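> Can you read through this structure? Questions will come right after.
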Amino acid sequence: PAGSIDALARSRDAGEVAERYPECLAAWAGLGADALERGRVLEAYAYFRVGYHRGLDRIRAAGWRGAGRVPWGHEGNRGFLRSLAGLADAAEAIGERAEAARCRDFIAQLAPDRPG
């Protein structure tokens, strides 16, 4: 939702945004990125997983049926895609290589326009 994304843009505290707007996927992706940066890999994994699952719920509600693109070029998709990419990184960091590979394959299928 635009209001929650705007709130995240105005706030430096993604946790505060996630508490107020738990549907804000960009907040979950931001929390995951911050945790990963601090070396808190399990926290990062959990935050990214929340963003990923909430994102799946959102794209399914919007009509996605398990196939097709979720373009990076559409700003509303970026929180979900960042969560999916972060989940791949966090999974790799905890030794879940198969999950990391699945996540990377999935993001490549969904958003080939995503910057490297």
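> Among (i) 72, 25, 21; (ii) 35, 34, 23; (iii) 44, 26, 22, which is the computed Cα extents along the principal axes in Å?
(ii)
> Would you mind telling me the share, in percent, of accessible area of the chain contributed by carbon and sulfur at probe 1.4 angstrom?
Accessible surface attributable to carbon and sulfur in the chain totals 50 percent.
> Using a 1.4 Å probe and counting only protein heavy atoms, arrange Phe48, Phe106 so the residue with the most accessible area comes first.
Accessible-area ranking of Phe48, Phe106, largest first: Phe106, Phe48.
> Under 13 Å from the Cβ of Leu25, count the other residues' Cβ atoms, weight Lys and Arg +1, Asp and Glu -1, and hand me the total.
Residues near Leu25 contribute +2 overall.
> Distance in nm between label sites at Ala62 and Ala93, each 7 Å beyond Cα in the beta-carbon direction?
Simple spin-label model gives 2.7 nm for this pair.
The values are calculated or read from the model by the stated rules, or taken from the named source; none is laboratory data. Note that the structure is predicted; figures quoted are calculated from it, not measured. A quick note on method: Cβ atoms are made from the backbone with ideal geometry, for glycine too, and the neighbour counts reach across all protein chains shown. Accessible surface areas use protein heavy atoms only, side chains included; no ligands, DNA or RNA. Shrake-Rupley method; radii C 1.70, N 1.55, O 1.52, S 1.80 Å.
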